[in-house]
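Visitor: Input: one structure, supplied below.
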Amino acid sequence: MNPSLCCWHGTVFCFRKGFGTMALSDDLKAVEAQVQEGLKGATSIQALEELRIKALGKKGQLTALMRMMGKIPPEERPAMGQLANAVRANVETAIKQRKLELDKEMLSKKMAAEAADVTLPGRSLSLGTQHLITQIREEIEDIFCGLGYIVADGPYVETTWYNFTALNAPADHPSRSARDSFYVVDNAPEGKEPLVLGDSDVLLRTQTSGMQVHFMEQNKPPIYMICPGTVFRPDTADANHLPQFNQVEGLVVDEGITFGDLKGTLDYFTREIFGKDRATRYRPHFFPFTEPSCEVDVSCGVCHGEGCRFCKNTGWLEILGCGMVDPNVLENCGIDSEKYTGFAFGIGVERVAALRYDLPDLRMLMEGDMRFLRQF
Ligand code: DAH
């Protein structure tokens with residue numbers, strides 16, 4: 001039996017008396033040769049590792065052969081030790097070398113598999129823009145900031161005190177009905193209309209005018225304030241109505257404020273937002289919290305006042321409500337109505353957008369259709 005083969009295949013004794021050092025050196029060389037041979041077939045890191053353990057591991061062949069060293073005659077030990085070390089070094093180097101090759105092969109395979117075609121055109125990222133409503137709201141803010149106004153923010157959820165009562169709305173005002181306001185707690189008795197109980201009922205604000213009250217409670221005149229924000233009404237969405245839309249409330253309270261100040265301010269605003277060539281008109285109207293009150297129209301930008309389908313042949317388009325702050329509202333907020341006067345206004349942001357861009361249907365502003373939105 002060839003002792004080197006025995007050695008390679010396992011545990012069998014390699015060095016036998018009689019074979020002498022010849023057999024040990026053969027065994028060593030045989031291990032080296034077989035490692036070299038095995039390396040050719042080691043095509044994975046795992047196979048290589050198995051080969052390494054088999055030769056160099058604690059229970060590996062070379063380790064076993066090294067242990068035999070003690071059993072050979074002392075005079076032969078140095079030469080045999082040298083040979084053993086040389087074999088071990090060769091085996092280690094060969095394995096390391098093969099490992100480098102395998103690593104390289106794997107890397108190039110990986111690179112080939114993950115290759116990117118750098119000549120392909122990149123995917124263009126579409127840059128977002130602000131929604132048209134946000135743009136217009138900010139434009140309105142800029143105009144009033146330029147006049148020295150403060151921009152305030154208020155709650156979406158209000159009590160009836162802030163939304164109606166403090167604003168001088170009588171207890172039987174139709175806008176208080178649950179048909180015209182979203183009450184947060186539905187207090188309707190079985191099968192009946194909801195009840196509106198008192199000033200602490202909670203609703204989604206139907207107008208930003210409640211912010212007049214909040215602001216006057218917290219600030220003393222002089223007040224020059226606008227408050228942009230969303231309001232809610234139980235309207236079915238159609239071309240001219242949305243159940244949720246945006247207003248910009250304005251409030252001025254100071255000594256000696258007159259209707260002339262209101263008109264000068266709102267004329268300036270309409271020219272800034274619609275252009276210098278647009279005329280305004282002030283139509284008497286009623287709002288509980290202002291006296292006198294009016295609605296402001298701007299001349300139709302399509303027919304320039306001649307009358308067309310867009311302005312329903314009137315030549316005018318309504319853009320906001322306004323008036324002189326009712327003394328009752330000032331008093332409700334602890335402001336001396338003998339000393340101070342003021343004016344207020346409420347601008348519909350969607351309305352401004354619709355009139356400026358001739359939008360045929362307000363729902364377009366809610367739908368998020370990119371073909372529409374990208375135009376602004
Ligand atoms: N709050 C009113 C509405 O929603 C708009 C309005 C009218 C606001 C007159 C005002 C004002 O401040 O003075 O219809």
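The values are calculated or read from the model by the stated rules, or taken from the named source; none is laboratory data. The shown structure was predicted, so the numbers you read here are calculated from the model rather than taken from an experiment. Cβ placement follows ideal geometry from the backbone for every residue including glycine, while neighbour counts extend to all protein chains displayed.
Visitor: Just checking, how many residues over segment 332-349 are within 12 Å of the ligand (Cβ to nearest atom) and of a type outside the set (A, V, I, L, M)?
Guide: Number of matching residues: 5.
Visitor: Still on this model: With the requirement that a residue be touching a residue at least 40 places away in the same chain (Cβ under 8 Å) and crowded, with 17+ Cβ neighbours inside 10 Å, what does segment 84-101 give you? Reasoning before the result, please.
Guide: Residues of segment 84-101 touching a residue at least 40 places away in the same chain (Cβ under 8 Å): 84, 87, 90-91, 94-95, 98-99.
A84, V87, V91, A94, I95, R98, listed by residue number.
Visitor: In segment 274-285, how many are aliphatic (A, V, I, L, M) and modelled with pLDDT of 95 or more?
Guide: Residues that pass the stated criteria total 0.
Visitor: Another question, then. What do you reckon, is V298 among the hydrophobic types (A, V, I, L, M, F, W, C), in a strand (DSSP E or B), away from the ligand (no atom under 11 Å from the Cβ) and touching a strand residue (DSSP E or B) at 6+ places or on another chain (Cβ under 8 Å)?
Guide: yes
Visitor: Among the numbered criteria (1) away from the ligand (no atom under 16 Å from the Cβ); (2) within 40 Å of the chain's Cα centre (by Cα), which single criterion is violated by E318?
Guide: E318 satisfies every listed condition except (1).
So that you can scan it fast, the table gives a plain yes or no per residue for (1) among the charged types (D, E, K, R); (2) outside the structural domain of N246 (by TED's automatic domain parsing); (3) assigned to a loop (DSSP other than H, G, I, E, B):
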{"site": "E291", "(1), (2), (3)": "yes, no, no"}
{"site": "G305", "(1), (2), (3)": "no, no, yes"}
{"site": "C308", "(1), (2), (3)": "no, no, yes"}
{"site": "T314", "(1), (2), (3)": "no, no, yes"}
{"site": "C322", "(1), (2), (3)": "no, no, no"}
{"site": "I347", "(1), (2), (3)": "no, no, no"}
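Visitor: Something else: Across segment 280-295, which residue is farthest from T165 (Cα to Cα) among those that are polar (S, T, N, Q) and within 10 Å of the ligand (Cβ to nearest atom)?
Guide: S293
Visitor: Still on this model: Would you say V248 is away from the ligand (no atom under 12 Å from the Cβ), touching a strand residue (DSSP E or B) at 6+ places or on another chain (Cβ under 8 Å), over 18 Å from E331 (Cα atoms) and in contact (Cβ under 8 Å) with a residue 12 or more places away in the chain?
Guide: Details: away from the ligand (no atom under 12 Å from the Cβ): no; touching a strand residue (DSSP E or B) at 6+ places or on another chain (Cβ under 8 Å): yes; over 18 Å from E331 (Cα atoms): yes; in contact (Cβ under 8 Å) with a residue 12 or more places away in the chain: yes.
Against the criterion (away from the ligand (no atom under 12 Å from the Cβ), touching a strand residue (DSSP E or B) at 6+ places or on another chain (Cβ under 8 Å), over 18 Å from E331 (Cα atoms) and in contact (Cβ under 8 Å) with a residue 12 or more places away in the chain), V248 does not qualify.
Visitor: Return only the number of the condition from (1) closer than 28 Å to A237 by Cα; (2) of a type in the set (D, E); (3) surrounded by fewer than 19 Cβ atoms within 10 Å (Cβ to Cβ); (4) touching a residue at least 40 places away in the same chain (Cβ under 8 Å) that E350 does not satisfy.
Guide: (3)
Visitor: Step by step: first the residues of segment 129-173, then only those that are assigned to a helix (DSSP H, G or I) and touching a Gly at 6+ places or on another chain (Cβ under 8 Å), then the one that is surrounded by the most Cβ atoms within 10 Å (Cβ to Cβ). Which residue is that?
Guide: N163
Visitor: Next up: With the condition kept exactly as written, say whether any residue in segment 226-234 is within 12 Å of the ligand (Cβ to nearest atom), closer than 23 Å to L132 by Cα, surrounded by fewer than 22 Cβ atoms within 10 Å (Cβ to Cβ) and charged (D, E, K, R).
Guide: yes
Visitor: Within the set of pairs 6 or more residues apart or between chains, which connect a residue that is more than 15 Å from the ligand (Cβ to nearest atom) inside segment 251-276 to a residue that is aromatic (F, W, Y) with Cβ atoms less than 8 Å apart?
Guide: Every condition considered, the pairs that remain are D254/Y224; D254/Y340; E255/Y340.
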